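For reference, the structure is listed below as structure tokens.
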Amino acid sequence: MKKVSLFAGILAFAFVCNAYAEIKPEHDPIKPRVPPDKIAAVKAMKPPFQATPAIIAEGKALFDGKATCFMCHGNDGKGKGVGAESLTKVGPRNFTNPQFHKVKSCGEMFWVAANGTKGDFSKKDAPTHPQGTGMVNYLIGHNSELGLPGTPTVTKDELWKIVLYERSLGGGKCE
Ligand code: HEC
């Protein structure tokens, strides 16, 4: 009897671990994540930099460093970072998919990183964010509510550099 309950315990533990390690699928990469009333203006936004190798390298250093994007999007940008496991609704975007970059503009990427998407950052044991919340704190008065310990603050220019790096992962340009 003892043996059976130990086995059941191990099974239950394995199940919990497995449930935790599962990352939710991403939203359809083709569908806009910016609200319809804003999409035209957002699509027209352009980065203040050319995608030179130096700028892309700066973006990568921020992505893998202080901006902590790698936590969810993964160091390879495929959306399988350790932080992704705690998101209960939707998985992070895979930036290596060229199809995504064909359809989405850099402005949309910038806007979503700054503003988030409605309700998608619900986490276990954390309040939901029905109005949407950014993935990063950027600019004064524009704080992410993600509440990840040490959510970083980046400037607008830094966020554009990160977008240019994310873009390069799928062979996309911003023109
Ligand atoms: C807590 C986990 C998390 C972190 C940290 C995070 N992201 Fe995300 N990201 C997501 C999720 C989840 C999505 C998918 C949201 C959706 O589809 O609604 C996403 C989607 C995106 C998208 C896709 C937008 C689109 O139109 O589909 C961009 C761009 C993005 N993130 C940029 C960033 C940047 C830049 C950083 C770092 C500053 C970052 N993310 C950090 C979870 C995260």
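Worth pointing out:
- Pairs exceeding 23 Å between alpha-carbon atoms, taken from Lys43/Lys66; Lys66/Lys102; Lys24/Lys66; Lys38/Lys102: Lys43/Lys66; Lys66/Lys102; Lys24/Lys66.
- HN-Hα J in Hz across segment 106-114 - Karplus 6.51, -1.76, 1.60, θ = phi - 60°, x for Gly and Pro: 5, x, 5, 5, 4, 5, 5, 4, 7
- The phi-based Karplus calculation (6.51 cos²θ - 1.76 cosθ + 1.60; θ = phi - 60°) puts the 3J(HN,Hα) values of segment 41-48 at 5, 5, 4, 7, 5, 10, x, x Hz, whole numbers, x for Gly and Pro.
A short reminder: the numbers here are calculations on the coordinates, not readings from a lab. Please read all numbers here as calculations on a predicted model, not as lab measurements.
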